[in-house]
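Please read the structure below before turning to the comments.
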Amino acid sequence: MKTLRICFFLALLIATAGCTKKNSLNSELQKSSHMDYRTEEASTVNDIASAGSSSSANVSATNVVEPKIIRTASLSIEVNDYQLARAKIDSIITLNKGYIVSESFQETDTQKGNSISIRVPSQNFDNLLKNLAESAKRVDYQNIYAQDVTEEYIDVKTRLNNKLQLEKTYLSLLRKAQNMDDILKIENKLAEIRSEIESEQGRLNYIDHQVNLSLISLYVYQKIDYKFIPKQLPGFWQRIKEGFHWGWRGLLWFAILLVKLWPLWLLSTIAIISYKKIKSWLKNRKKKEKKEKKQQKKNKETDGLQQ
């Protein structure tokens, strides 16, 4: 009896400890969910808040992140000789560690030109523009644009850091979890968090690429003096000869066309023959009817005389 009481007491202790551990894990999961909600809420507040009233996380990030400026430019230049100028432009681009993204060459009677898109490290942006302008006969226009994306970069980086911290929390919970249902829930949440982390990291990489490599849209062209070159026409006898040639070819084509229309000629012939036969038959019938009428009239007159 005493042994039975001891076993019952031990079983009760084990059950109580298991429930306590499960409740503790559920509590941590709920805290993580609340933390995720608070993180998203804080990100939303930071997005709509002004730069002067940003959160302490953003303030600390601003102290670390350098200004992020995306610089672009558009430039149109006229050159004396396109081939020489193009070789010089290529050497200038290489000297400034840039590269050509795309180009489109056009040539008309009055000018030849090329639209070139160039990527260059931001620190060489001004020097490349200067060198391109110096290589030109004339600069038609030069426009420079700057876009400050520092605030967006800080917001994305803050959200990324929060997601990374949240991932560590869920990984810690995953090590403690023993129930399969809890493990699946944590794994699903981790997959969602990792997807968001990859998205935020991709956005940061894109901003860094745009900031580090500036874009220059260059149009280089050379004007060409328009010269009218009269078209050489054939002589009189040559035209006469060509006229006979094309006339003979036309006659042949007409003959071939007539041959191709043989079904039409056949149907027309059948229709004409049929029409003539029908017309002849109708004509003979009318004559026969007239003769019969005359004969009947004569017969009536003969009968009348006899009476």
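Stokes-Einstein diffusion for the stretch 195-307, with the hydrodynamic radius set to the Kirkwood value over Cα pairs and evaluated at 10 °C in a medium of 1.306 mPa s, equals 60 µm²/s.
Between L174 and N205, the distance separating the two model label sites (each 7 Å from Cα on the Cα→Cβ line) works out to 2.1 nm.
Calculate the length of the line joining the C-alpha centroid of the stretch 195-270 to that of the stretch 111-127, in whole Å. A separation of 33 Å, based on Cα centres. Cα-based values for the stretch 81-226, radius of gyration first and Dmax second, are 25.0, 85 Å. So what does log10 I(q)/I(0) come out to for the stretch 151-221 at q = 0.11, 0.12, 0.13, 0.27 Å⁻¹, using the Debye formula with one equal point on every Cα and no solvent? Taking Cα atoms of the stretch 151-221 as identical point scatterers yields -0.42, -0.47, -0.52, -1.12.
Counting other beta carbons within 10 Å of each residue's own, what order do I118, I100 fall into, fewest first? Intermediate values should be presented prior to the final figure.
On the way: I118 25, I100 13.
Ascending Cβ contact count within 10 Å gives the list I100, I118.
Taking 0.36 nm per residue of sequence separation and subtracting the Cα-Cα distance, how much length would be gained by fully extending the chain between I270 and L252, in nm to one decimal? Residue separation times 0.36 nm, minus the Cα-Cα distance, leaves 3.8 nm.
Give me the aspartates and glutamates in straight-line cross-link reach of K227: C-alpha distance below 16 Å, same-chain residues under 8 apart excluded. Within the straight-line limit of under 16 Å, K227 reaches these aspartates and glutamates: E107, D109. Around the Cα centre of the stretch 218-307, unit charges on the Cβ atoms of Lys, Arg, Asp and Glu (plus for the first two, minus for the last two) sum to a dipole of about 860 debye. Straight-line cross-link partners of K297 among the aspartates and glutamates, defined as a Cα under 13 Å from its Cα and at least 8 positions apart when in the same chain: E289. By the beta-carbon count within 10 Å of each Cβ, the least crowded to most crowded order of V149, V220, fewest first, is V149, V220.
Rounded to the nearest 0.05, what FRET efficiency is calculated for K286 and K260 with R0 set to 35 Å and r the Cβ-Cβ distance?
Numbers: r = 42 Å, r/R0 = 1.19.
Computed FRET efficiency for K286 and K260 comes out at 0.25.
Any read-out appearing in this document is the output of simple, stated calculations on the displayed coordinates, not a laboratory observation. These numbers were taken from a predicted model, which means no experiment stands behind them. Neighbour counts are summed over all protein chains in view; Cβ atoms, including those assigned to glycine, are modelled from backbone coordinates with ideal geometry.
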